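Colleague: Could you have a look at this structure, given as C-alpha cells, before my questions?
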Amino acid sequence: MADFSGIRNLIINVSEKSSIRENAYSFDVEIPRSNSEAVGRMKVFCYDLMLVEKFTEVKQINFLVYDSTMFDGVGSRQIAQALEHAHKKGLETGFQYICAFNSDVVPYDDFNEGFELLDHVRLTLSDSRLEDSLLGFQCEIKERNQSRKNELE
C-alpha cells in the first residue's frame, strides 16, 4: 500500500501484492476509482513528477516530456490542476515540464485565477501551413502492404 503523508513523502508498505526482485521493485498504488483509465493516467503523472523531482535533486534528469495522449480521458479541471502543479513543482525543484496538447483540449477556463498558460507556451505548431509544422514539410508514409503489393506487380 502506498500513502502520501505530506509533500515529498511516499510511504511504501511491502504487502502480498508487492514484491522485491533482484534489481527491481514491483508495487501497486491504490487510488479510489483507479480502475478508470483517466485515474490510471494521473497515477503515472504523479509517479513521473516524483521521479523527475528526485532526479533533478541529484543532478541527473531535469525535464519531463509528455505528448497529448497523457491526458486522454482526463477531465479538464484535473488537466488544469496537473499543469499548474507541474509548473509549481518545476519552479520549486528546477526541472522543465514539456507537454504537447491539441488546441481543442487545452482547459483554458479551468486554470486558477492568475495562472496564464499562454505565458508558458514556447512553441505552437499547426498543420494549416507547412512552415508551421514540426519539420517544415509533410511526411506521408505508405502502408507497408501497399508498397509490397506495388513491388510484386
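All of the numbers you see were taken from the coordinates with simple rules; none came from a lab. Please read these numbers as outputs of a predicted model, since none were measured by experiment. Virtual Cβ from ideal backbone geometry, glycine too; neighbours counted across all protein chains shown.
Colleague: Using θ = phi - 60° and the Karplus curve 6.51 cos²θ - 1.76 cosθ + 1.60, what whole-Hz ³J(HN,Hα) does each residue of segment 128-135 get, with Gly and Pro shown as x?
Modeller: After applying 6.51 cos²θ - 1.76 cosθ + 1.60, I find 7, 9, 4, 5, 9, 8, 4, 9 Hz.
Colleague: Can I ask one more? Whose amide H sits under 5 Å from the amide H of Y66, counting only residues 5 or more places off or on another chain, with H placed in the peptide plane?
Modeller: Close amide H contacts, sequence-distant or interchain: I98, C99, A100.
Colleague: Rounded if a/c is under 1.5, else prolate if a/b is larger than b/c, else oblate: which is segment 35-123, with a ≥ b ≥ c the root eigenvalues of its Cα gyration tensor?
Modeller: In terms of gyration-tensor shape, oblate.
Colleague: Moving on to the next point. Label points 7 Å out from Cα along the Cβ direction at V39 and N112: separation in nm?
Modeller: According to this spin-label approximation, the distance is 2.5 nm.
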